[in-house]
Amino acid sequence: MPSTTLSRSTVVALAVAGLAGCPAPGARPPRPAGPPPALGHEDLTIDAGEQALTGLRYTPEALPPPSMLLVHGARKANLDRLRATWSRAVADRRGALARKALDGHLLATALFEAARTDVARRGALLGEAVAVIATLHARTKGETDETTLVMGAALAFAVGDDAAAEPYLVELSARFGDRPGGLMAKAQLAYIRLREGDDAIAQALVGALVPTAALPEPAYAIAWVRFRAADGPGAAAAITLAAQGWTAAASQPAIDRDFLLMHARSGLPIATAVDAVVAVADAPERRHALLYQLAAAYAAAGRPDEAAAALDAAVAAVATLPDTLAPTVRLLQAEYLRRAGRIDALAAAWRAAGAAMAACTSCSADDRRALGDGLAARAVEAHTIYATTGDVRYKRAADELYAQFAALPGVADRDDHARVAQYAADFARVRAPSDGAQYADAIRTPLALRQPDVQACYEATLQGTPRLGGDVILVLDVDGAGAVIGAATEPARGSDGLAAVAGCVEDRARTWPMPARPRPGTARVSVRYVLGARP
(Lines give C-alpha, C1' and ligand atoms only; values in the text may rest on other atoms or scores of the structure.)
Protein backbone atom coordinates (compact mmCIF):
# COMPACT_ATOMS: atom_id res chain seq x y z
CA MET A 1 0.00 0.00 0.00
CA PRO A 2 1.52 3.40 -0.89
CA SER A 3 2.00 5.96 1.82
CA THR A 4 -1.22 7.52 3.00
CA THR A 5 0.39 10.56 4.62
CA LEU A 6 -0.53 13.81 2.89
CA SER A 7 1.77 16.80 3.13
CA ARG A 8 1.19 20.33 1.97
CA SER A 9 3.96 20.10 -0.60
CA THR A 10 2.59 16.86 -2.02
CA VAL A 11 -0.95 18.13 -2.43
CA VAL A 12 0.20 21.46 -3.84
CA ALA A 13 2.34 19.61 -6.37
CA LEU A 14 -0.62 17.48 -7.41
CA ALA A 15 -3.25 20.18 -7.45
CA VAL A 16 -1.46 23.38 -8.39
CA ALA A 17 1.73 22.64 -10.28
CA GLY A 18 0.96 22.34 -13.96
CA LEU A 19 3.31 22.31 -16.89
CA ALA A 20 4.80 25.31 -18.67
CA GLY A 21 2.32 27.92 -19.80
CA CYS A 22 -0.16 27.51 -16.94
CA PRO A 23 -1.17 30.66 -15.02
CA ALA A 24 0.12 31.00 -11.47
CA PRO A 25 -2.51 30.86 -8.72
CA GLY A 26 -2.20 34.60 -8.13
CA ALA A 27 -2.14 35.61 -11.80
CA ARG A 28 -4.95 38.02 -12.66
CA PRO A 29 -7.26 36.78 -15.44
CA PRO A 30 -8.45 39.13 -18.18
CA ARG A 31 -10.90 41.87 -17.19
CA PRO A 32 -14.47 41.90 -18.57
CA ALA A 33 -14.72 42.70 -22.25
CA GLY A 34 -17.29 44.76 -24.09
CA PRO A 35 -20.10 43.32 -26.22
CA PRO A 36 -18.87 41.34 -29.24
CA PRO A 37 -19.55 42.48 -32.80
CA ALA A 38 -21.11 40.20 -35.39
CA LEU A 39 -18.99 37.11 -36.01
CA GLY A 40 -17.53 36.11 -39.36
CA HIS A 41 -15.13 33.52 -40.78
CA GLU A 42 -11.59 33.75 -39.42
CA ASP A 43 -8.46 31.71 -40.21
CA LEU A 44 -5.42 32.00 -37.96
CA THR A 45 -1.73 31.16 -38.28
CA ILE A 46 -0.04 30.69 -34.92
CA ASP A 47 3.58 29.97 -34.08
CA ALA A 48 3.42 28.36 -30.63
CA GLY A 49 7.20 28.51 -30.19
CA GLU A 50 9.38 25.61 -29.14
CA GLN A 51 9.44 23.12 -26.29
CA ALA A 52 12.65 21.37 -25.24
CA LEU A 53 12.19 17.78 -24.08
CA THR A 54 14.73 15.34 -22.70
CA GLY A 55 14.15 11.63 -23.23
CA LEU A 56 15.33 8.66 -21.20
CA ARG A 57 16.61 5.39 -22.61
CA TYR A 58 15.56 2.86 -20.01
CA THR A 59 17.92 0.12 -18.85
CA PRO A 60 17.05 -3.32 -17.44
CA GLU A 61 18.04 -3.61 -13.79
CA ALA A 62 16.14 -6.54 -12.29
CA LEU A 63 18.01 -9.68 -13.36
CA PRO A 64 20.14 -11.06 -10.50
CA PRO A 65 23.35 -13.03 -11.13
CA PRO A 66 22.94 -16.80 -11.52
CA SER A 67 22.51 -18.67 -8.27
CA MET A 68 25.39 -20.78 -7.07
CA LEU A 69 24.67 -24.49 -7.41
CA LEU A 70 25.44 -26.36 -4.20
CA VAL A 71 26.70 -29.95 -4.28
CA HIS A 72 26.97 -31.94 -1.04
CA GLY A 73 28.35 -35.40 -0.40
CA ALA A 74 26.68 -38.20 1.52
CA ARG A 75 28.87 -37.39 4.53
CA LYS A 76 29.93 -33.97 5.71
CA ALA A 77 33.66 -33.31 5.29
CA ASN A 78 35.78 -30.41 6.50
CA LEU A 79 37.61 -28.06 4.16
CA ASP A 80 41.04 -29.57 4.73
CA ARG A 81 39.86 -33.05 3.78
CA LEU A 82 38.06 -31.72 0.69
CA ARG A 83 41.17 -29.77 -0.34
CA ALA A 84 43.30 -32.91 -0.01
CA THR A 85 40.88 -34.94 -2.08
CA TRP A 86 40.81 -32.27 -4.75
CA SER A 87 44.62 -32.09 -4.86
CA ARG A 88 44.84 -35.85 -5.48
CA ALA A 89 42.17 -35.59 -8.19
CA VAL A 90 44.08 -32.81 -9.96
CA ALA A 91 47.34 -34.77 -9.77
CA ASP A 92 45.72 -37.93 -11.18
CA ARG A 93 45.70 -37.25 -14.90
CA ARG A 94 44.10 -40.59 -15.68
CA GLY A 95 41.21 -40.31 -13.23
CA ALA A 96 37.61 -40.25 -14.43
CA LEU A 97 36.30 -36.80 -15.35
CA ALA A 98 33.07 -37.39 -13.45
CA ARG A 99 35.05 -38.08 -10.27
CA LYS A 100 37.19 -34.96 -10.75
CA ALA A 101 34.04 -32.90 -11.33
CA LEU A 102 32.38 -34.20 -8.17
CA ASP A 103 35.49 -33.49 -6.05
CA GLY A 104 35.71 -29.95 -7.49
CA HIS A 105 31.99 -29.30 -6.92
CA LEU A 106 32.18 -30.48 -3.31
CA LEU A 107 35.16 -28.23 -2.52
CA ALA A 108 33.74 -25.20 -4.35
CA THR A 109 30.43 -25.63 -2.48
CA ALA A 110 32.16 -25.85 0.88
CA LEU A 111 34.31 -22.78 0.16
CA PHE A 112 31.26 -20.80 -0.97
CA GLU A 113 29.29 -21.72 2.14
CA ALA A 114 32.24 -20.91 4.42
CA ALA A 115 32.51 -17.48 2.78
CA ARG A 116 28.94 -16.72 3.84
CA THR A 117 29.85 -16.80 7.52
CA ASP A 118 33.55 -15.95 7.56
CA VAL A 119 33.42 -12.27 6.61
CA ALA A 120 37.12 -11.68 7.26
CA ARG A 121 38.18 -14.42 4.84
CA ARG A 122 35.32 -14.10 2.39
CA GLY A 123 37.45 -12.79 -0.47
CA ALA A 124 40.11 -15.46 -0.06
CA LEU A 125 37.58 -18.29 0.21
CA LEU A 126 35.64 -17.17 -2.87
CA GLY A 127 38.90 -16.68 -4.77
CA GLU A 128 39.91 -20.24 -3.94
CA ALA A 129 36.51 -21.52 -5.15
CA VAL A 130 36.92 -19.58 -8.40
CA ALA A 131 40.35 -21.20 -8.91
CA VAL A 132 38.96 -24.70 -8.26
CA ILE A 133 36.25 -24.33 -10.91
CA ALA A 134 38.65 -22.66 -13.36
CA THR A 135 41.04 -25.61 -13.00
CA LEU A 136 38.23 -28.09 -13.45
CA HIS A 137 37.03 -26.20 -16.52
CA ALA A 138 40.52 -26.26 -18.04
CA ARG A 139 40.99 -29.99 -17.32
CA THR A 140 37.64 -30.89 -18.91
CA LYS A 141 37.84 -28.59 -21.91
CA GLY A 142 35.08 -29.33 -24.41
CA GLU A 143 33.46 -31.82 -22.04
CA THR A 144 32.76 -29.62 -19.03
CA ASP A 145 29.44 -30.48 -17.45
CA GLU A 146 26.57 -28.01 -16.99
CA THR A 147 26.97 -27.77 -13.20
CA THR A 148 30.62 -26.73 -13.46
CA LEU A 149 29.79 -24.00 -15.96
CA VAL A 150 26.94 -22.63 -13.84
CA MET A 151 29.21 -22.65 -10.77
CA GLY A 152 31.93 -20.84 -12.70
CA ALA A 153 29.56 -18.07 -13.82
CA ALA A 154 27.99 -17.70 -10.35
CA LEU A 155 31.36 -17.50 -8.59
CA ALA A 156 32.70 -14.95 -11.08
CA PHE A 157 29.70 -12.72 -10.40
CA ALA A 158 30.13 -13.31 -6.65
CA VAL A 159 33.64 -11.84 -6.73
CA GLY A 160 32.54 -8.98 -8.98
CA ASP A 161 34.35 -10.19 -12.10
CA ASP A 162 31.55 -10.04 -14.67
CA ALA A 163 34.00 -10.44 -17.56
CA ALA A 164 35.22 -13.76 -16.13
CA ALA A 165 31.61 -15.00 -16.04
CA GLU A 166 31.03 -14.45 -19.72
CA PRO A 167 33.06 -17.42 -21.10
CA TYR A 168 31.12 -19.78 -18.84
CA LEU A 169 27.83 -18.24 -19.98
CA VAL A 170 28.80 -18.45 -23.65
CA GLU A 171 29.68 -22.14 -23.35
CA LEU A 172 26.49 -22.86 -21.42
CA SER A 173 24.43 -21.11 -24.07
CA ALA A 174 26.15 -22.92 -26.92
CA ARG A 175 26.17 -26.44 -25.45
CA PHE A 176 23.15 -26.50 -23.13
CA GLY A 177 20.86 -23.90 -24.71
CA ASP A 178 17.69 -25.95 -24.26
CA ARG A 179 18.37 -26.89 -20.62
CA PRO A 180 17.80 -24.69 -17.54
CA GLY A 181 21.47 -23.77 -17.24
CA GLY A 182 21.69 -22.89 -20.91
CA LEU A 183 18.50 -20.82 -20.82
CA MET A 184 19.76 -19.00 -17.74
CA ALA A 185 22.99 -18.28 -19.60
CA LYS A 186 21.13 -16.92 -22.63
CA ALA A 187 19.14 -14.62 -20.33
CA GLN A 188 22.29 -13.41 -18.55
CA LEU A 189 24.16 -12.80 -21.80
CA ALA A 190 21.19 -10.97 -23.30
CA TYR A 191 20.90 -8.90 -20.12
CA ILE A 192 24.56 -7.89 -20.34
CA ARG A 193 24.21 -7.00 -24.01
CA LEU A 194 21.02 -4.99 -23.38
CA ARG A 195 22.70 -2.99 -20.65
CA GLU A 196 25.61 -2.27 -23.00
CA GLY A 197 23.33 -1.34 -25.89
CA ASP A 198 24.03 -4.39 -28.07
CA ASP A 199 20.36 -5.02 -28.80
CA ALA A 200 20.95 -7.09 -31.94
CA ILE A 201 23.07 -9.61 -30.03
CA ALA A 202 20.45 -9.81 -27.29
CA GLN A 203 17.81 -10.43 -29.94
CA ALA A 204 19.89 -13.25 -31.42
CA LEU A 205 20.27 -14.85 -28.00
CA VAL A 206 16.66 -14.89 -26.80
CA GLY A 207 14.48 -13.57 -29.60
CA ALA A 208 13.36 -17.03 -30.69
CA LEU A 209 12.57 -18.26 -27.17
CA VAL A 210 9.01 -18.52 -25.88
CA PRO A 211 8.60 -16.73 -22.53
CA THR A 212 7.12 -18.69 -19.62
CA ALA A 213 6.48 -17.93 -15.96
CA ALA A 214 8.39 -21.13 -15.08
CA LEU A 215 11.59 -19.50 -16.37
CA PRO A 216 11.18 -15.83 -15.41
CA GLU A 217 14.77 -14.77 -16.14
CA PRO A 218 14.61 -15.60 -19.88
CA ALA A 219 11.10 -14.08 -19.97
CA TYR A 220 12.55 -10.88 -18.52
CA ALA A 221 15.28 -10.71 -21.16
CA ILE A 222 12.74 -11.42 -23.90
CA ALA A 223 10.51 -8.61 -22.60
CA TRP A 224 13.41 -6.16 -22.84
CA VAL A 225 14.40 -7.29 -26.33
CA ARG A 226 10.80 -6.68 -27.44
CA PHE A 227 10.60 -3.34 -25.65
CA ARG A 228 13.78 -2.12 -27.32
CA ALA A 229 12.34 -3.23 -30.67
CA ALA A 230 9.13 -1.19 -30.06
CA ASP A 231 6.98 -4.33 -29.76
CA GLY A 232 4.77 -2.97 -26.99
CA PRO A 233 2.20 -5.80 -26.79
CA GLY A 234 4.92 -8.45 -26.95
CA ALA A 235 6.94 -6.75 -24.22
CA ALA A 236 3.87 -6.44 -21.97
CA ALA A 237 3.03 -10.13 -22.39
CA ALA A 238 6.59 -11.28 -21.62
CA ILE A 239 7.11 -8.99 -18.62
CA THR A 240 3.82 -10.25 -17.14
CA LEU A 241 5.09 -13.83 -17.31
CA ALA A 242 8.42 -12.76 -15.81
CA ALA A 243 6.64 -10.97 -12.94
CA GLN A 244 4.42 -13.99 -12.30
CA GLY A 245 7.41 -16.26 -11.76
CA TRP A 246 9.76 -13.79 -10.10
CA THR A 247 11.32 -14.98 -6.84
CA ALA A 248 14.26 -12.59 -6.32
CA ALA A 249 12.92 -10.35 -3.54
CA ALA A 250 15.86 -7.93 -3.70
CA SER A 251 15.05 -6.98 -7.29
CA GLN A 252 11.26 -6.87 -6.88
CA PRO A 253 11.14 -3.03 -7.11
CA ALA A 254 13.02 -3.21 -10.41
CA ILE A 255 10.73 -5.85 -11.90
CA ASP A 256 7.73 -3.81 -10.76
CA ARG A 257 9.12 -0.72 -12.49
CA ASP A 258 9.58 -2.60 -15.76
CA PHE A 259 6.16 -4.25 -15.51
CA LEU A 260 4.49 -0.84 -15.11
CA LEU A 261 6.66 0.84 -17.74
CA MET A 262 6.00 -1.75 -20.43
CA HIS A 263 2.26 -1.94 -19.81
CA ALA A 264 1.79 1.82 -19.76
CA ARG A 265 3.65 2.11 -23.09
CA SER A 266 2.27 -1.00 -24.75
CA GLY A 267 -0.59 0.71 -26.59
CA LEU A 268 -2.94 -1.98 -25.27
CA PRO A 269 -6.27 -1.18 -23.57
CA ILE A 270 -5.99 -0.44 -19.87
CA ALA A 271 -8.16 -3.49 -19.14
CA THR A 272 -5.22 -5.64 -20.30
CA ALA A 273 -2.91 -3.98 -17.78
CA VAL A 274 -5.46 -4.36 -14.98
CA ASP A 275 -5.83 -8.05 -15.80
CA ALA A 276 -2.04 -8.39 -15.74
CA VAL A 277 -1.88 -6.79 -12.28
CA VAL A 278 -4.47 -9.30 -11.06
CA ALA A 279 -2.34 -12.11 -12.54
CA VAL A 280 0.84 -11.08 -10.73
CA ALA A 281 -0.57 -9.84 -7.41
CA ASP A 282 -2.72 -12.07 -5.18
CA ALA A 283 -3.13 -9.80 -2.15
CA PRO A 284 -5.54 -6.84 -2.46
CA GLU A 285 -3.00 -4.48 -0.91
CA ARG A 286 -0.39 -5.50 -3.47
CA ARG A 287 -2.87 -5.05 -6.33
CA HIS A 288 -3.82 -1.63 -5.00
CA ALA A 289 -0.19 -0.53 -4.80
CA LEU A 290 0.61 -1.70 -8.35
CA LEU A 291 -2.50 -0.07 -9.82
CA TYR A 292 -1.75 3.16 -7.97
CA GLN A 293 1.75 3.16 -9.47
CA LEU A 294 0.33 2.17 -12.86
CA ALA A 295 -1.58 5.46 -12.91
CA ALA A 296 1.67 7.40 -12.61
CA ALA A 297 3.23 5.26 -15.36
CA TYR A 298 0.31 6.02 -17.69
CA ALA A 299 0.58 9.74 -16.91
CA ALA A 300 4.30 9.70 -17.77
CA ALA A 301 3.43 7.88 -21.01
CA GLY A 302 1.06 10.66 -22.08
CA ARG A 303 -2.09 8.62 -21.46
CA PRO A 304 -3.96 10.66 -18.81
CA ASP A 305 -7.36 9.06 -19.43
CA GLU A 306 -5.89 5.64 -18.66
CA ALA A 307 -4.10 7.12 -15.64
CA ALA A 308 -7.44 8.26 -14.19
CA ALA A 309 -8.97 4.84 -14.92
CA ALA A 310 -6.05 3.07 -13.22
CA LEU A 311 -6.79 5.05 -10.06
CA ASP A 312 -10.41 3.89 -10.19
CA ALA A 313 -9.13 0.31 -10.42
CA ALA A 314 -6.76 0.94 -7.49
CA VAL A 315 -9.65 2.18 -5.35
CA ALA A 316 -11.75 -0.85 -6.31
CA ALA A 317 -8.94 -3.25 -5.38
CA VAL A 318 -9.31 -2.64 -1.63
CA ALA A 319 -12.39 -2.85 0.55
CA THR A 320 -11.76 0.53 2.17
CA LEU A 321 -9.51 3.34 1.04
CA PRO A 322 -7.74 5.08 3.95
CA ASP A 323 -9.27 8.52 4.41
CA THR A 324 -5.83 10.13 4.22
CA LEU A 325 -5.20 8.60 0.79
CA ALA A 326 -8.60 9.37 -0.72
CA PRO A 327 -7.94 13.13 -1.25
CA THR A 328 -4.65 12.39 -3.00
CA VAL A 329 -6.33 9.90 -5.34
CA ARG A 330 -9.12 12.34 -6.21
CA LEU A 331 -6.70 15.24 -6.72
CA LEU A 332 -4.63 13.09 -9.05
CA GLN A 333 -7.72 12.13 -11.03
CA ALA A 334 -8.69 15.79 -11.38
CA GLU A 335 -5.20 16.57 -12.68
CA TYR A 336 -5.26 13.67 -15.16
CA LEU A 337 -8.65 14.78 -16.50
CA ARG A 338 -7.25 18.30 -16.93
CA ARG A 339 -4.29 16.94 -18.91
CA ALA A 340 -6.66 14.93 -21.08
CA GLY A 341 -8.67 18.05 -21.90
CA ARG A 342 -11.77 16.62 -20.22
CA ILE A 343 -12.95 20.07 -19.19
CA ASP A 344 -16.59 18.98 -18.82
CA ALA A 345 -15.55 16.47 -16.12
CA LEU A 346 -13.22 18.82 -14.25
CA ALA A 347 -15.69 20.37 -11.81
CA ALA A 348 -17.07 16.97 -10.77
CA ALA A 349 -13.53 15.68 -10.20
CA TRP A 350 -12.70 18.62 -7.96
CA ARG A 351 -15.97 18.17 -6.12
CA ALA A 352 -14.97 14.57 -5.38
CA ALA A 353 -11.57 15.76 -4.15
CA GLY A 354 -13.25 18.29 -1.87
CA ALA A 355 -15.60 15.67 -0.46
CA ALA A 356 -12.67 13.33 0.21
CA MET A 357 -10.81 16.09 2.01
CA ALA A 358 -13.90 16.97 4.08
CA ALA A 359 -14.18 13.32 5.16
CA CYS A 360 -10.48 13.06 6.06
CA THR A 361 -10.21 13.28 9.83
CA SER A 362 -6.40 12.99 9.78
CA CYS A 363 -5.66 15.61 7.12
CA SER A 364 -3.97 18.76 8.35
CA ALA A 365 -4.87 22.41 7.90
CA ASP A 366 -2.02 22.65 5.38
CA ASP A 367 -3.55 19.79 3.39
CA ARG A 368 -6.91 21.59 3.29
CA ARG A 369 -5.32 24.87 2.33
CA ALA A 370 -3.39 23.16 -0.46
CA LEU A 371 -6.63 21.80 -1.90
CA GLY A 372 -8.00 25.35 -1.90
CA ASP A 373 -4.86 26.60 -3.65
CA GLY A 374 -5.33 24.03 -6.38
CA LEU A 375 -9.03 24.76 -6.74
CA ALA A 376 -8.38 28.50 -7.10
CA ALA A 377 -5.63 27.88 -9.66
CA ARG A 378 -7.87 25.73 -11.82
CA ALA A 379 -10.75 28.27 -11.59
CA VAL A 380 -8.44 31.06 -12.74
CA GLU A 381 -7.07 28.87 -15.54
CA ALA A 382 -10.56 28.07 -16.85
CA HIS A 383 -11.54 31.74 -16.45
CA THR A 384 -8.54 32.83 -18.51
CA ILE A 385 -9.11 30.33 -21.32
CA TYR A 386 -12.80 31.30 -21.59
CA ALA A 387 -11.97 35.02 -21.63
CA THR A 388 -9.45 34.52 -24.45
CA THR A 389 -11.37 31.95 -26.53
CA GLY A 390 -15.08 32.12 -25.67
CA ASP A 391 -15.24 28.32 -25.24
CA VAL A 392 -18.37 27.87 -23.10
CA ARG A 393 -17.06 24.63 -21.61
CA TYR A 394 -14.43 26.65 -19.78
CA LYS A 395 -17.07 29.14 -18.67
CA ARG A 396 -19.10 26.38 -17.04
CA ALA A 397 -15.97 24.95 -15.41
CA ALA A 398 -14.85 28.32 -14.05
CA ASP A 399 -18.33 29.08 -12.66
CA GLU A 400 -18.44 25.75 -10.82
CA LEU A 401 -14.84 25.89 -9.58
CA TYR A 402 -15.23 29.43 -8.22
CA ALA A 403 -18.40 28.32 -6.46
CA GLN A 404 -16.63 25.30 -4.97
CA PHE A 405 -13.84 27.53 -3.70
CA ALA A 406 -16.32 29.93 -2.10
CA ALA A 407 -17.99 27.01 -0.30
CA LEU A 408 -14.80 25.60 1.24
CA PRO A 409 -14.83 25.49 5.06
CA GLY A 410 -12.87 28.42 6.51
CA VAL A 411 -12.44 30.10 3.14
CA ALA A 412 -13.19 33.52 4.63
CA ASP A 413 -10.05 33.19 6.78
CA ARG A 414 -7.74 32.73 3.79
CA ASP A 415 -5.57 35.68 2.89
CA ASP A 416 -6.37 35.20 -0.79
CA HIS A 417 -10.13 35.01 -0.28
CA ALA A 418 -10.81 38.59 -1.35
CA ARG A 419 -8.62 38.30 -4.44
CA VAL A 420 -10.28 35.08 -5.65
CA ALA A 421 -13.72 36.52 -4.86
CA GLN A 422 -12.86 39.54 -7.02
CA TYR A 423 -11.78 37.23 -9.84
CA ALA A 424 -15.12 35.44 -9.58
CA ALA A 425 -16.98 38.76 -9.64
CA ASP A 426 -15.00 39.87 -12.68
CA PHE A 427 -15.74 36.57 -14.36
CA ALA A 428 -19.47 37.05 -13.96
CA ARG A 429 -19.15 40.11 -16.25
CA VAL A 430 -16.76 38.61 -18.80
CA ARG A 431 -18.03 38.42 -22.36
CA ALA A 432 -16.74 36.06 -24.99
CA PRO A 433 -14.08 37.60 -27.26
CA SER A 434 -15.05 38.64 -30.75
CA ASP A 435 -12.06 37.14 -32.56
CA GLY A 436 -9.04 34.90 -32.19
CA ALA A 437 -6.56 37.64 -31.35
CA GLN A 438 -5.66 35.97 -28.05
CA TYR A 439 -6.02 32.37 -29.19
CA ALA A 440 -2.25 31.90 -29.38
CA ASP A 441 -2.02 32.57 -25.64
CA ALA A 442 -5.03 30.39 -24.87
CA ILE A 443 -3.63 27.23 -26.43
CA ARG A 444 -0.28 27.35 -24.62
CA THR A 445 -1.64 25.49 -21.60
CA PRO A 446 -3.38 22.69 -23.59
CA LEU A 447 -0.24 22.21 -25.69
CA ALA A 448 2.02 22.16 -22.64
CA LEU A 449 -0.19 19.57 -20.97
CA ARG A 450 0.46 17.18 -23.88
CA GLN A 451 4.25 17.25 -23.55
CA PRO A 452 4.24 13.71 -22.06
CA ASP A 453 2.69 12.41 -25.33
CA VAL A 454 5.60 13.81 -27.33
CA GLN A 455 8.19 12.65 -24.82
CA ALA A 456 6.71 9.12 -24.82
CA CYS A 457 6.90 9.05 -28.64
CA TYR A 458 10.52 10.17 -28.48
CA GLU A 459 11.44 7.63 -25.82
CA ALA A 460 9.79 4.79 -27.74
CA THR A 461 12.22 5.34 -30.62
CA LEU A 462 15.09 6.25 -28.31
CA GLN A 463 15.06 2.71 -26.84
CA GLY A 464 16.37 1.30 -30.11
CA THR A 465 18.30 4.39 -31.25
CA PRO A 466 20.11 5.63 -28.15
CA ARG A 467 21.79 8.74 -29.57
CA LEU A 468 18.74 10.05 -31.39
CA GLY A 469 18.04 13.77 -31.09
CA GLY A 470 16.91 16.74 -33.13
CA ASP A 471 13.82 18.80 -33.92
CA VAL A 472 10.31 17.72 -34.81
CA ILE A 473 7.91 20.42 -36.00
CA LEU A 474 4.23 19.67 -35.52
CA VAL A 475 1.61 21.58 -37.52
CA LEU A 476 -2.02 21.26 -36.42
CA ASP A 477 -5.17 22.45 -38.15
CA VAL A 478 -7.77 23.21 -35.46
CA ASP A 479 -11.35 23.97 -36.39
CA GLY A 480 -13.58 26.49 -34.65
CA ALA A 481 -14.91 23.86 -32.25
CA GLY A 482 -11.41 22.98 -31.04
CA ALA A 483 -11.08 19.66 -32.88
CA VAL A 484 -7.82 18.81 -34.63
CA ILE A 485 -8.85 18.22 -38.25
CA GLY A 486 -5.37 17.87 -39.69
CA ALA A 487 -1.80 17.21 -38.59
CA ALA A 488 1.56 17.12 -40.32
CA THR A 489 5.19 17.02 -39.22
CA GLU A 490 8.66 17.95 -40.33
CA PRO A 491 10.29 15.53 -40.87
CA ALA A 492 7.43 13.63 -42.43
CA ARG A 493 6.31 10.44 -40.72
CA GLY A 494 8.42 7.35 -41.32
CA SER A 495 9.65 4.16 -39.73
CA ASP A 496 13.06 5.16 -38.36
CA GLY A 497 14.70 7.85 -36.28
CA LEU A 498 13.04 11.25 -36.01
CA ALA A 499 10.60 10.26 -38.75
CA ALA A 500 9.29 7.48 -36.47
CA VAL A 501 8.96 9.98 -33.61
CA ALA A 502 7.14 12.35 -35.94
CA GLY A 503 4.63 9.69 -37.00
CA CYS A 504 3.87 8.82 -33.41
CA VAL A 505 3.46 12.52 -32.46
CA GLU A 506 1.18 13.11 -35.43
CA ASP A 507 -1.07 10.20 -34.49
CA ARG A 508 -1.34 11.34 -30.90
CA ALA A 509 -1.86 14.99 -31.77
CA ARG A 510 -4.92 14.19 -33.87
CA THR A 511 -6.71 13.23 -30.62
CA TRP A 512 -5.80 16.37 -28.64
CA PRO A 513 -8.80 18.54 -27.69
CA MET A 514 -8.21 22.28 -28.02
CA PRO A 515 -10.32 25.25 -26.92
CA ALA A 516 -13.06 26.39 -29.26
CA ARG A 517 -13.02 29.85 -30.87
CA PRO A 518 -15.72 32.48 -31.40
CA ARG A 519 -15.55 32.44 -35.20
CA PRO A 520 -15.60 29.56 -37.65
CA GLY A 521 -12.41 28.91 -39.52
CA THR A 522 -9.12 27.06 -39.14
CA ALA A 523 -6.27 27.85 -36.81
CA ARG A 524 -2.98 26.51 -38.16
CA VAL A 525 -0.76 26.00 -35.12
CA SER A 526 2.91 25.06 -35.35
CA VAL A 527 5.14 24.03 -32.46
CA ARG A 528 8.77 22.92 -32.55
CA TYR A 529 9.89 20.12 -30.21
CA VAL A 530 13.63 20.11 -29.51
CA LEU A 531 14.49 16.56 -28.48
CA GLY A 532 17.61 15.49 -26.63
CA ALA A 533 18.57 12.25 -24.89
CA ARG A 534 19.60 12.24 -21.26
CA PRO A 535 23.21 10.99 -20.95
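Side notes on the structure shown:
- Anisotropy class of segment 118-196 from Cα gyration tensor, a/c 1.5 cut: oblate
- Eligible aspartates and glutamates near residue 186 by straight Cα distance, threshold 13 Å, same-chain separation 8 or greater: 166, 171, 178, 217
- Its DSSP H runs of at least 4 residues, each contributing -39,500 (n - 2.57), put the calculated 222 nm mean residue ellipticity of the chain at -18000 deg cm²/dmol, to the nearest 500.
- Where the alpha-carbon atoms of segment 229-363 are placed on the principal axes, they occupy 43, 31, 20 Å, in descending order.
- Rg ratio for the chain: its Cα radius of gyration over 2.2 N^0.38 Å, N being its residue count, equals 1.26.
- For segment 223-279, the dipole from Cβ point charges (+1 on Lys and Arg, -1 on Asp and Glu) about the Cα centre works out to 140 debye, to the nearest 20.
- Bridgeable lysines around residue 76 (alpha carbons under 19 Å apart, same-chain partners fewer than 8 residues away excluded): 100.
- Solvent-accessible area of residue 195, all protein chains in place: 120 Å² (probe radius 1.4 Å, heavy atoms, ligands and nucleic acids excluded).
- Extent along the principal axes, Cα only, for segment 115-274: 54, 36, 27 Å, with the longest axis given first.
- C-alpha long axis of helix 79-91 to longest principal axis of the chain, angle in °: 70
- Overall form of segment 316-370 per C-alpha gyration tensor (a/c, 1.5; a/b vs b/c): oblate
- Crossing angle, helix 216-228 versus the chain [Cα axis fit, 0-90 degrees, rounded to tens]: 50
- If only the Cβ of Lys and Arg carry +1 and only the Cβ of Asp and Glu carry -1, the dipole of segment 393-503 around its Cα centre is close to 200 debye.
- 37 °C / 0.692 mPa s Stokes-Einstein diffusion coefficient of segment 44-123, Kirkwood radius on C-alpha pairs, µm²/s: 190
- Kirkwood's formula applied to the C-alpha pairs of segment 392-535 gives a hydrodynamic radius of 17.8 angstrom.
- For a modelled paramagnetic label at residue 50, 7 Å from Cα along Cα-to-Cβ, the residues of segment 450-475 in reach, with backbone nitrogen under 12 Å, are 470-473.
- Placing a pseudo-label 7 Å from each Cα along the Cα-to-Cβ vector at residue 78 and residue 204 gives an inter-label distance of 5.2 nm.
- Rounded to the nearest 10 degrees, the angle from helix 304-316 to the longest Cα principal axis of the chain is 70 degrees.
- Antiparallel %, DSSP beta bridges [both residues in the chain], to 5: 60
- Residue 496 exposes around 110 Å² of accessible area when a 1.4 Å probe is run over every protein chain in place.
- Protection proxy ranking of 136-145, 183-192, 519-528 - average other beta-carbon atoms within 10 Å, highest first: 183-192, 519-528, 136-145
- Whole-number D in µm² s⁻¹ for segment 247-316, Kirkwood Cα-pair radius fed into Stokes-Einstein, 20 °C, 1.002 mPa s: 181
- Shape call, segment 322-420: gyration tensor on alpha carbons, a/c limit 1.5: oblate
- Each of 152, 289, 250 was scored by the projection of its Cα onto the charge dipole of the chain, and the greatest displacement toward the positive side belongs to 152; charges sit on the C-beta of Lys, Arg, Asp and Glu.
- Charges were assigned to the Cβ only: +1 to each Lys and Arg, -1 to each Asp and Glu. The resulting dipole of the chain about its Cα centre is roughly 880 debye.
- Residues residue 429 and residue 279, FRET efficiency given R0 of 45 Å [Cβ-Cβ distance, rounded to 0.05]: 0.20
- With the charge dipole of the chain set up from +1 on Lys and Arg Cβ and -1 on Asp and Glu Cβ about the Cα centre, the Cα lying farthest toward the positive end among the listed residues 51, 488, 225 is that of 225.
- For segment 108-246, the residue among 241, 115, 185 whose Cα projects farthest onto the positive side of the dipole built from Cβ charges is 241.
- Packing rank of 395-407, 85-97, where each peptide gets the mean count of other beta carbons within 10 Å, highest leading: 395-407, 85-97
The values are calculated or read from the model by the stated rules, or taken from the named source; none is laboratory data. Keep in mind that what you see is a predicted model, and the values were worked out from it rather than measured. Glycine also receives a Cβ, built like all others from the backbone with ideal geometry; neighbour counts cover every protein chain displayed. In case anyone asks, the SASA skips ligands and DNA or RNA and just uses the protein heavy atoms, side chains included. Shrake-Rupley method; radii C 1.70, N 1.55, O 1.52, S 1.80 Å.
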